[in-house]
């Protein structure tokens, strides 16, 4: 357990370092293209540092806001609060804040930077479909992520990747619309800038699969098996989580509007965004979870 | 300085470092055990607070169960007076058993089961029962670690020098684990 915590802290450092280097490189190239000297590099590194700080200190709030999660009181959700409190006693950590996400698909995630600053969020669908034992299994899994500091890596990845996705989309769109305008109007003065934006867009397009790979490396599938096992150690009842996973698997066709590729790895199970389809092709690229049947099998063997 | 003196100095320094590490580990575990115990205490107190409320609510509907109410109230009083860990565990078992009976009795009164106040109390009780179980689980885990460290060589030497003692396990019946009767009425 202590090795995992140390490994996760190391990963966090590498991720932040990598983001600074990556953005710095992009800034450097930009600076060369615009012939503005070191300003591109300095600006990009500054941006990367600000991004890293933000994702470390406010990552949990950003992730929670992006899923439209709402904090709930013990009076509103007595059962959920009782379970979270009980299992955090078992895990020996402070009680995390409790959130509910307005989604029909049953799913859950944990976020934060350490056990003292952590949150657990579950969807309305989860609360509706799970009985107490199953809910305990799910919360046990999430608290295992909290104890191991998986939430730190996961949250940093979510916010950094989210920022990169946002920036790349911005460039792709401005190239797309700018390109149309340029061609129609015959305005040639913007040609240089357009080419640069096009180049950045292309680079980021190539980067996207690499980013997906990075996520997979940072948040390996092994983590999910481990959290399943540790969660079962907390509840001392593996069939609870197994049964919950079975229900989640059965409901995997329900789409989740609030999930995206940047946060996919945080969820209890890979969320799907496409109606009727288990997992879309684009999601496969960012596939971060082991197959649910395999997880159930391992839980049943415990 | 002769070589043997150097060797002696190095050995002494290494032993000191090892001793300090073991001592710190012992202190950390002792604090975790104490913390675990206070967690159990908090939850047990919460349960004591719930009992009079619950008895009163059930009493309003199930008037013929006087003996049971008295039994639960008595068990509560005895548990609150208990001091040593084994006594406390014993007394808490009585409380747990009484409460289970009380909830089983409640099953026979449909009006009571529809009472919102009773349902809220039942959720609180179920939650508290499982928190007691989890707190006990945490406490016993930490006691086991501490006792293992105190019992094994060479950490037992450090433990002896600084007077670390084995702690007692808190053994109560597992109340709300797995699909329980308390949890799924009807």
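No lab work stands behind these numbers, since they all come straight from the coordinates. In this text, all values refer to a predicted model and were calculated from it rather than measured experimentally. Positions of Cβ are backbone-derived with ideal geometry, glycine not excepted, and every protein chain shown enters the neighbour counts.
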message: When 1/r is averaged over all different Cα pairs and the result inverted, which Kirkwood radius in Å belongs to region B:115-156?
response: 12.5 Å
message: Could you identify which residue out of B:143, B:13, B:158 has the top mean-square fluctuation in a GNM of chain B using Cα springs shorter than 10 Å?
response: B:13
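Going by the alpha-carbon gyration tensor, a ≥ b ≥ c the square roots of its eigenvalues, is region B:38-80 rounded (a/c under 1.5) or, if a/c is not under 1.5, prolate (a/b greater than b/c) versus oblate? Let's see the in-between values first.
Numbers: a/c = 4.65, a/b = 2.01, b/c = 2.32.
Oblate, because a/c is 1.5 or more while a/b does not exceed b/c.
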message: Neighbour counts of other C-beta atoms within 10 Å: give me B:7, A:93, A:248 arranged from fewest to most.
response: B:7, A:93, A:248
query: Which residue, B:171, B:87, B:111, has the most motion in a Gaussian network model of chain B that connects Cα atoms within less than 10 Å?
result: B:111
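Taking other Cβ within 10 Å of each residue's Cβ, how do A:2, A:28 sort, fewest first? Walk me through the numbers on the way to the answer.
Numbers: A:2 7, A:28 16.
Fewest-to-most Cβ neighbours within 10 Å comes out as A:2, A:28.
Please rank A:68, B:100, A:10, fewest neighbouring Cβ atoms within 10 Å first, as an exposure proxy. Working shown, then result.
Details: A:68 14, B:100 17, A:10 11.
The fewest-first ordering by Cβ neighbours comes to A:10, A:68, B:100.
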message: Which of the three applies to region B:50-115, rounded, prolate or oblate, going by the alpha-carbon gyration tensor with a ≥ b ≥ c and a/c under 1.5 meaning rounded?
response: prolate
- prompt: For region A:71-154, what does the alpha-carbon gyration tensor say about shape, rounded, prolate or oblate, given a ≥ b ≥ c as the root eigenvalues, a/c under 1.5 as rounded, and a/b over b/c as prolate?
  reply: prolate
statement: Nearest 10, in degrees from 0 to 90: the angle of helix B:85-106 to the longest Cα principal axis of chain B is 30 degrees
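Which value, in Å to one decimal place, does the Kirkwood hydrodynamic radius take for region B:1-47 when every pair of different Cα atoms is included?
On the way: mean 1/r = 0.0734 Å⁻¹.
So the Kirkwood estimate lands at 13.6 Å.
What Kirkwood hydrodynamic radius, in Å, does chain B give when the mean of 1/r is taken over all pairs of distinct Cα atoms and then inverted? Display every interim value, and only then the final one.
Details: mean 1/r = 0.0518 Å⁻¹.
Final number for the Kirkwood radius of chain B is 19.3 Å.
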